[in-house]
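**Student:** What follows is a single structure, and I will ask about it in a moment.
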Amino acid sequence: MTERSVSERERQELLQRRGVLVRGVVQGVGFRPFVYRLAMEESLAGSIGNDTDGVTIEIEGPPARILAFIQRLTKETPPLARIDSIVTRELEATGGAGFKIVASEVLGGVSTGIPADAATCADCLRELLDPADRRFRYPFLNCTNCGPRFTITRRIPYDRPQTSMARFPMCPACQAEYDDPLNRRFHAQPNACSECGPRVWLEGPDGRSIESEDPIRTAIDRMVAGAVMAIKGIGGFHLSVDATSEAAVARLRQRKNRYGKPLAVMVRDLEAARAFCVMTPEEESLLQTNARPIVLARSRAGNGIALSVAPGIPWLGVFLPYAPLQHLLFADPRVKALVMTSANLSEEPIAIDNDEARARLGAIADAFLMHDREILQRCDDSVAAVVDGAPQLLRRARGFVPLGTALSLESPPLLAVGGHLKNVFALARGKFAYQSQHLGDLENLTGLEFFQESLKHLMRTFEIEPESIAHDLHPGYLSTTWAKQWAAERGLRVIAVQHHHAHVAACMAEHGLKGPVIGLSLDGTGYGTDGRIWGGEVLICGFEGFERFAHLDYVPMPGGEAAIREPWRMALGHLHAAGVNVSDSATLRLLGAKEQEARVLLRMIERGVNTPLTSSCGRLFDAVAAIVLQRREVDYEAQAAIELEGLAVDESDDPTASSAYQVELCGGDWENREPIRISVAPLWRGLLDDLRLEKSRAGIAARFHTSIAAAFVQAAQRARAVTGIGQVALSGGCMHNRRLARLLRTGLEAGGFEVFKHRQVSPGDGGLSYGQVAVAAAIMRSERE
Ligand SMILES: [Zn+2]
Ligand SMILES: [Zn+2]
């Protein structure tokens, strides 16, 4: 508690007292010391305290200074804080002097909660590398402007005893910083130094510690020699190898049993990133944000990164060090680029606990760089890209969770469980939805355990007890089964939301649109209201419901799920639907299939055995990739489509330069709610002609992208003609495809549409739960009215 007297002259002026309630991300981010400094500088008296609604400030002094104070609140906000609203009210002046910081109180509802984890700030980085500083080379330094938050916090309020720093009592030097309102470390909950804080050590796969004067240096020695290192980070363990060594990357892939999927690469700084990738200014600023996401950027040819890091695609996922320990690795000139991939087996959740890591990674890592600050929340690295000129989150996790995303209408306490793959759930109340971190695929027990662990944590964090649950319409999803059971146990209401409706609703809610809009939901797969697999949809969408205006024409998906792993099956389904004879030798060669295999699939199609019908846009991309790239099988979902986009880049960076293949809009009767079918049969004929003429495959890939965009622009025009709606919301996993996103936006804008794209919420299945919240909240509201 610090006080400062107000001058006698100012005391004589007319004094005012005001209450100021600030809502947003204002706890654990140095907001109180910031306000304290402002009050000092403006010579104002009063107090500040955290409460569950935000921070409450009382301020007293001359009106002009109070005004200046309030303006500076929003202009000079500390880097990690985010002000959502400021409400002021008049109070009776008390004539009191001094400014006090009042201790935290815990009350009912919470709208502020825990901040997200933030990368080491410039001040801390300077101290880390300064031999004269008392924290020189201390791998856990942080301050109110940086450091771990979400991942080390057990519950609110965000105070040291509620974090995994509770077991490290501060030394007198750290405590003095923590208590001094003018210090950068005032109330920095994870504050520590080498005297009192966590420590780092190296150990072998047998769990025995490896003696070393300098464990970080020894770890580097081993990685330079080709070792696979498990490194404990902020939200979990990474598996790391020298990214410039083909042999080391191959070793990691072989031990992890993961071959095709691109690996993220951490590089020293922006300059290094520029040397490895061709970066746009937007990509550079994304790379440097506090959240430090992995950014997909164009690889520079011959950049020295092992080709096996991101085989078959022209992009590299790069990111910068965000923890002091990582900065120390890169402080060694031998370290240029490190593969840093989430430490897990295939699609399991990332390992966080030391014993868990020893057990799960013992057969993969040659050594472990460990530390003893417990990670309380699993949180993968976030992944972002600049799509069509603007940043877009492909995976929202570390650095973004648990920040809330605004909703355009008030929601009762609600849980939305998301989808199946790349699962993210959302809790909502009032004007905000809080999305969980990326949880991975909800296919097995481990995935479900992570889901439940995280749900429990976030329910406690935000003190939200859901009154209803929204889930995907798909009856077979684990998330659906779980939601129904959980709701039944608690007597809660369940609301099923169609997959592509949720995608469009997410985009609408993000932009505060009321609807109806024309929603283009271009996606992998989602369960439709007719029991078929949808994914190339033009929907006339409101929050409460939708009408299907048009869709890609149904084609057989021989083998169901197997057709996702083996795109040649999808290609065969498409060609068959387009009337191509798939048993002739030329077509078999294109499919990379034997006659017998093709015959089996044809029989399945004819008899309808294990062959669902699909209108999926993602699967169309797969099918085209199977033919154009001769990719028979994939190692991860959407691999073929991503490679096809990569191939098109070789043709031209300007997607608008290519001409379109023909597509046909068939049928459709809006009055009778009969959707238009978008037939790609003529597209296939054109594409096969180009192949026969031995036209460049890159050119074919480019033309294909142009054709799909043109087809959906045409469908949107038809929708506008009958409904008069001019707003288009773009959503679905295919909107990760930069070429397609840009072509659609430019095509629609040229046609006079107003186009809305995702920003904070992923267009893919990671954004589904946010859309489910929007739909469920709207349905419940309309019932109340
Ligand atoms: Zn700092
Ligand atoms: Zn200390």
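**Student:** For region 612-661, how many residues are at pLDDT 95 or above, over 15 Å from Val680 (Cβ atoms) and among the hydroxyl-bearing types (Ser, Thr, Tyr)?
**Tutor:** So the answer is 0.
Residue by residue, here is whether (1) within 27 Å of Phe150 (Cα to Cα); (2) surrounded by fewer than 18 Cβ atoms within 10 Å (Cβ to Cβ) holds:
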| position | (1), (2) |
| --- | --- |
| Val26 | yes, no |
| Met40 | no, yes |
| Gly54 | yes, no |
| Ile59 | no, no |
| Pro63 | no, yes |
| Pro79 | yes, yes |
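**Student:** Could you check Leu128 against (1) open to solvent by 10 Å² or more (accessible area, probe 1.4 Å); (2) in contact (Cβ under 8 Å) with a residue 60 or more places away in the chain; (3) farther than 23 Å from Ile352 by Cα and say which number it fails?
**Tutor:** The number of the failed condition is (1).
**Student:** Turning to a different aspect of this structure: Within region 177-212, can you find the residues that are open to solvent by less than 60 Å² (accessible area, probe 1.4 Å), away from ligand 1 (no atom under 16 Å from the Cβ) and closer than 23 Å to Arg32 by Cα?
**Tutor:** Within region 177-212, Pro181 is the sole residue that qualifies.
**Student:** Sticking with this structure for a sec: Working carefully through the options Arg745, Arg739, Arg759, Arg718, find the one that is in contact (Cβ under 8 Å) with a residue 12 or more places away in the chain and open to solvent by less than 30 Å² (accessible area, probe 1.4 Å).
**Tutor:** Arg739
**Student:** Would you check which residues across region 14-24 are in a strand (DSSP E or B) and open to solvent by 10 Å² or more (accessible area, probe 1.4 Å) and list them?
**Tutor:** Gln16, Arg17, Arg18, Leu21, Arg23
**Student:** Report those strands (runs of 3 or more DSSP E) wholly inside region 361-442 carrying at least 1 residues which are of a type in the set (Phe, Trp, Tyr) and open to solvent by less than 20 Å² (accessible area, probe 1.4 Å).
**Tutor:** Here the list reads 367-371, 426-435.
**Student:** When you go through (1) surrounded by fewer than 19 Cβ atoms within 10 Å (Cβ to Cβ); (2) modelled with pLDDT under 90 one by one for Phe462, which number turns out not to apply?
**Tutor:** The failed condition is (1).
**Student:** Here's another thing I want to ask about it. Quick one: which residue in Leu141, Leu125 is in contact with a His (Cβ under 8 Å, 6 or more places away or on another chain), within 12 Å of ligand 1 (Cβ to nearest atom) and of a type in the set (A, V, I, L, M, F, W, C)?
**Tutor:** The match here is Leu125.
**Student:** Could you check how many residues of region 478-492 are within 17 Å of Tyr770 (Cβ to Cβ) and either of a type outside the set (A, V, I, L, M, F, W, C) or modelled with pLDDT under 95 (or both)?
**Tutor:** 1
**Student:** May I ask you to say which residue of Arg631, Arg599, Arg673, Arg619 is among the basic types (Lys, Arg) and open to solvent by less than 50 Å² (accessible area, probe 1.4 Å)?
**Tutor:** Just a single option satisfies the conditions, and that option is Arg619.
**Student:** Check region 638-649 and report whether any residue there is among the β-branched types (Val, Ile, Thr) and touching a residue at least 40 places away in the same chain (Cβ under 8 Å).
**Tutor:** yes
**Student:** Here is a follow-up. Can you tell me which of Met279, Met266 is farther than 26 Å from Ile352 by Cβ and within 21 Å of the chain's Cα centre (by Cα)?
**Tutor:** When all the criteria are applied, what remains is Met279.
**Student:** Turning to a different aspect of this structure: Any idea which residue in region 469-494 is surrounded by the most Cβ atoms within 10 Å (Cβ to Cβ), counting only those that are under 25 Å from the mean Cα position of the chain (by Cα) and more than 20 Å from Arg532 (Cα to Cα)?
**Tutor:** The extreme case among them is Ala470.
**Student:** Restricting to region 170-189, name every residue that is at pLDDT 95 or above and either outside any helix (DSSP H, G or I) or within 7 Å of ligand 2 (Cβ to nearest atom) (or both).
**Tutor:** Once the filter is applied, which keeps residues that are at pLDDT 95 or above and either outside any helix (DSSP H, G or I) or within 7 Å of ligand 2 (Cβ to nearest atom) (or both), region 170-189 yields Met170, Cys171, Ala173, Cys174.
**Student:** I've got another one for you. List every residue pair whose Cβ atoms sit under 7 Å apart, with the two residues 6 or more apart in sequence or on different chains, where the first one lies in region 169-192 and is under 13 Å from Gly147 (Cβ atoms) and the second, anywhere, is β-branched (Val, Ile, Thr) and away from ligand 2 (no atom under 11 Å from the Cβ).
**Tutor:** Arg184/Thr144; Arg185/Thr144; His187/Thr144; Ala188/Thr144; Gln189/Thr163; Pro190/Ile152; Pro190/Thr163
The values are calculated or read from the model by the stated rules, or taken from the named source; none is laboratory data. Predicted model, so just to flag it, every value in this text is computed and none were measured. Virtual Cβ from ideal backbone geometry, glycine too; neighbours counted across all protein chains shown. To get the accessible areas, we keep the full protein, side chains included, count just its heavy atoms, and leave off ligands, DNA and RNA. Shrake-Rupley method; radii C 1.70, N 1.55, O 1.52, S 1.80 Å.
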